[in-house]
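Visitor: Questions regarding the structure given below will be posed in turn.
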Amino acid sequence: MFPDVPEFRFIESLLKGSADFTHESPQSRSWLGVGDDCAIFDGWLVTKDLSVENTHFRLDWSTPEQAVEKHIVSNVSDISAMGGTPKLALLGLCINKSWSEETRARVRKALSQGFAKRGIALIGGDTVVGEVGMFSTTLLGVLGDASPDASSGASPDGAFEFPRPLLRSAVKPCDALYVNGTLGKSGAGLWLLMNHPEAASDFPKLVEYHLAPQICESAGAELIRLGVYGAAMDISDGLSSELNHLAVASGVNLQIEEKLLPIDAEVHRLCDRYHLDPLDFALNGGEEYELLFANSCPNSIFEENVRLGKVCRIGKALEESGSPEVRMLSQDGEFLPVPPRAWSHI
């Protein structure tokens with residue numbers, strides 16, 4: 001397929017074992033611009049994420065396999081947040097010129113296998129060499145699971161055909177707020193690596209989650225399959241930030257309860273040892289990649305569903321009074337503001 005030169009040999013090896021490129025089109029043909037986890041281009045969910053060495057991953061902390069897995073998850077979670085399943089990828093790869101041949105081979109293999117095991121076909125991209133490593137993926141997906149018997153037809157407002165995407169702007173007053181998974185793991189793992197790396201082996205779950213998060217990747221598509229229409233987004237910048245995103249986009253107030261937040265048990269254990277506040281990791285720790293979502297469905301439809309993972313109700317949406325805001329009912333019975341404290345690259 002390619003001339004016998006080093007770059008093309010690398011690309012050819014990367015493409016070996018790639019998922020099949022099937023000629024399938026999205027069932028719905030909707031369009032959506034910037035403002036959600038994905039844009040929608042003639043029915044295709046489209047997202048773009050970058051992972052830059054020494055900013056998003058460090059190879060003195062991560063294995064090449066962990067760094068690649070984290071990058072892929074950061075993209076897949078965007079597709080899931082819209083209610084979709086990933087199908088196609090365009091990969092941009094900058095190889096650090098100082099990486100050894102072994103590291104390059106492991107990165108190549110991890111990328112190839114990471115997309116293939118999810119059924120994502122690599123359909124193009126670019127490869128360069130530079131001062132730092134970087135992974136850049138444009139990921140395309142379809143709403144729901146793309147099964148032939150999925151429902152179709154126009155939505156009541158005529159904006160989208162069924163299945164309808166989960167949008168940040170779709171929260172309604174009285175909707176319940178949910179998260180899946182547990183909170184605080186990635187932020188706690190990062191804190192540990194930065195402040196007490198000697199204790200990393202005491203908290204392997206937290207460290208592993210930060211370096212290579214494992215999420216319920218089918219959650220968004222499962223919400224669509226269940227007939228849920230509401231709002232969702234992935235928790236990439238921290239729960240406090242994402243709650244404020246939903247409030248502003250939907251023009252509602254959001255109220256969460258501290259006692260309902262599913263803070264991971266290992267986060268509590270870390271905080272007990274080092275006298276930290278687990279609530280800070282739960283609200284402001286980024287790179288969780290699980291879903292925050294809102295809808296008016298009964299709680300029972302989310303119970304014991306392996307395709308959703310663990311789901312916890314954490315609060316509700318209220319009518320807006322003035323500017324949209326987020327507040328939390330504390331364990332002491334006091335209402336506290338929840339400002340956005342997201343990671344910012346700029």
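Visitor: Pull up region 273-321, narrow it to residues that are assigned to a strand (DSSP E or B) and open to solvent by less than 20 Å² (accessible area, probe 1.4 Å), then point me to the one that is modelled with the lowest pLDDT.
Guide: Start the filter on region 273-321 by keeping residues that are assigned to a strand (DSSP E or B), which leaves 291-295, 311-318.
Adding the requirement that they be open to solvent by less than 20 Å² (accessible area, probe 1.4 Å) leaves 291-295, 314-315, 317.
Working: Leu291: 98, Leu292: 98, Phe293: 97, Ala294: 97, Asn295: 94, Ile314: 98, Gly315: 98, Ala317: 97.
My answer is Asn295.
Visitor: When both residues are 6+ apart or on different chains and their Cβ atoms are under 9 Å apart, which pairs have a first residue that lies in region 312-340 and is over 12 Å from Val252 (Cα atoms) and small (Gly, Ala, Ser), and a second that is open to solvent by 80 Å² or more (accessible area, probe 1.4 Å) and at pLDDT 95 or above?
Guide: As it stands, the answer is Ser330/Lys259, since those pairs meet every condition given.
Visitor: On to the next question. Mind telling me which of the residues Ser186, Ser201 ends up being crowded, with 17+ Cβ neighbours inside 10 Å, in a helix (DSSP H, G or I) and modelled with pLDDT of 95 or more?
Guide: On the way: Ser201 fails: crowded, with 17+ Cβ neighbours inside 10 Å.
Ser186 is the lone residue from the list that is crowded, with 17+ Cβ neighbours inside 10 Å, in a helix (DSSP H, G or I) and modelled with pLDDT of 95 or more.
Visitor: Scan region 47-78 for residues that are farther than 15 Å from Arg106 by Cβ and buried (at least 20 other Cβ atoms within 10 Å of the Cβ) and jot them down.
Guide: Matches in region 47-78: Thr47, Val73, Ser74, Asn75, Val76, Ser77, Asp78.
Visitor: Going through region 16-40 one residue at a time, which ones are exposed (fewer than 15 other Cβ atoms within 10 Å of the Cβ) and either without any contact (Cβ under 8 Å) to a residue 60 or more places away in the chain or over 22 Å from the mean Cα position of the chain (by Cα) (or both)? Working first, answer last.
Guide: Taking region 16-40 as the starting set, the residues that turn out to be exposed (fewer than 15 other Cβ atoms within 10 Å of the Cβ) are 16-17, 20-25, 29, 31, 33-35.
Residues satisfying the conditions are Lys16, Gly17, Asp20, Phe21, Thr22, His23, Glu24, Ser25, Arg29, Trp31, Gly33, Val34.
Visitor: A follow-up question, please. Looking only at strands (runs of 3 or more DSSP E) that lie completely in region 1-99, which have at least 2 residues being among the aliphatic types (A, V, I, L, M) and closer than 26 Å to Trp191 by Cα?
Guide: Working: elements: 39-41, 44-52, 84-96.
Passing ranges, in order: 44-52.
Visitor: While we're here: May I ask you to list the residues in region 210-256 that are under 13 Å from the mean Cα position of the chain (by Cα) and of a type in the set (Ser, Thr, Tyr)?
Guide: Within region 210-256, Ser218, Ser236 meet the criteria.
Visitor: I'd like the full set of residues that are within 22 Å of His23 (Cβ to Cβ), part of a helix (DSSP H, G or I) and of a type in the set (Gly, Ala, Ser), limited to region 113-127.
Guide: Passing the criteria: only Ala116.
Visitor: Open to solvent by 50 Å² or more (accessible area, probe 1.4 Å), out of contact with any Phe, Trp or Tyr (no Cβ under 8 Å at 6 or more places or on another chain) and not aliphatic (A, V, I, L, M): does that describe Glu257? Break it down stepwise before answering.
Guide: On the way: open to solvent by 50 Å² or more (accessible area, probe 1.4 Å): no; out of contact with any Phe, Trp or Tyr (no Cβ under 8 Å at 6 or more places or on another chain): yes; not aliphatic (A, V, I, L, M): yes.
Against the criterion (open to solvent by 50 Å² or more (accessible area, probe 1.4 Å), out of contact with any Phe, Trp or Tyr (no Cβ under 8 Å at 6 or more places or on another chain) and not aliphatic (A, V, I, L, M)), Glu257 does not qualify.
The values are calculated or read from the model by the stated rules, or taken from the named source; none is laboratory data. Since we're looking at a predicted model, the values are computed, not measured. Neighbour counts run over all protein chains shown; Cβ positions are idealised from the backbone, glycine included. All accessible areas refer to the heavy atoms of the entire protein, side chains included, with ligands and DNA or RNA removed. Shrake-Rupley method; radii C 1.70, N 1.55, O 1.52, S 1.80 Å.
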